[in-house]
Amino acid sequence: MMQQNIGKRKEEHVPSEADPGPKSAGNPYDNQHVMSLKEFIEHPLAMELLHDGQSYQVLGITNQSYWSFAASMRACLLQDADLRSQAAALAAKSLQHYLHVGITDRLDESVSSLAAALDINVELPAASGASSPPAHENVSDASRGGELPSLGRSYRACVEKARRKNAGRRAKALRALGFHDNSRLTFSAATRARIPPSIIARIRELNTMDATLYAEGVRLLSDRITDQKQRKLFTPLPTTHPGLPALTLGDLKDEL
């Protein structure tokens with residue numbers, strides 16, 4: 001959807017003269033080159049797949065649902081605030097029966113809690129090291145007599161490698177998304193801070209069920225971790241990997 005929209009606008013917008021070098025295309029959430037955020041959040045596909053999507057998953061009424069009434073149920077929820085509130089409460093209650101609840105923005109704690117629930121000691125050696133480890137890490141392990149990294153260290157190496165890989169792919173994709181006037185899109189925390197409050201309010205309005213579900217998920221995870229710590233089952237994961245430089249806020253600022 002977004003690629004087709006960008007391609008169409010790119011062909012339609014041909015400036016009278018090209019600029020000498022790359023420049024910012026301005027506000028990436030509201031400019032002539034791409035679908036604005038205001039348009040995007042109201043797009044039928046966004047309505048179908050994104051807004052309150054996690055709650056639809058828990059309730060079993062996504063567009064992939066087995067139930068024939070799923071589509072009409074989603075349509076009703078969009079129109080009826082009271083019904084949406086009842087559905088949100090049902091989704092939150094259903095979440096209480098999950099064996100494990102993880103939170104993306106608390107990924108490390110979620111993984112540690114899951115390991116504790118499965119009686120997995122993250123400080124024990126991993127069956128094998130991280131895939132395709134850097135050469136300097138091989139030397140380091142060899143100097144320790146072939147010692148295998150712990151599960152926690154292997155996890156940290158995988159996470160940091162994945163984040164750097166994704167950051168590289170993202171930067172490459174944005175560099176390739178140039179326009180006739182030599183401008184490029186730049187997404188950042190600074191540009192997100194300029195999104196109008198009215199659009200933020202609309203996004204929140206369209207995701208009230210997911211907000212309720214998230215709050216319940218945070219509560220369940222926090223309670224689980226508190227219990228695991230009291231029973232001395234919870235082991236925090238290492239914050240950095242010895243073989244790799246620590247990720248900084250600068251590395252992650254575009255992920256936030």
Item to check | Filter result (under 16 Å from Arg106 (Cβ atoms) and either within 22 Å of the chain's Cα centre (by Cα) or loosely packed, with under 13 Cβ neighbours inside 10 Å (or both)) within the range 212-224 | outcome: Leu213, Tyr214, Ala215, Glu216, Gly217, Val218, Arg219, Leu220, Leu221, Ser222, Asp223
Next on the checklist: Just to verify a result, which residue in the range 64-97, among those that are among the hydroxyl-bearing types (Ser, Thr, Tyr) and modelled with pLDDT of 95 or more, is nearest to Gln54 (Cα to Cα)?
Outcome noted: Ser94
Checklist outcome for this item: Selection from the range 176-231 of residues over 27 Å from Gln96 (Cβ atoms), out of contact with any strand residue (DSSP E or B) (no Cβ under 8 Å at 6 or more places or on another chain) and among the hydroxyl-bearing types (Ser, Thr, Tyr) yields Ser188, Thr191, Ser198
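The values are calculated or read from the model by the stated rules, or taken from the named source; none is laboratory data. Just so it is clear, the model here is predicted, and its values are computed rather than measured. Reconstructed Cβ throughout: ideal geometry from the backbone, glycine too, with neighbour counts over all protein chains shown.
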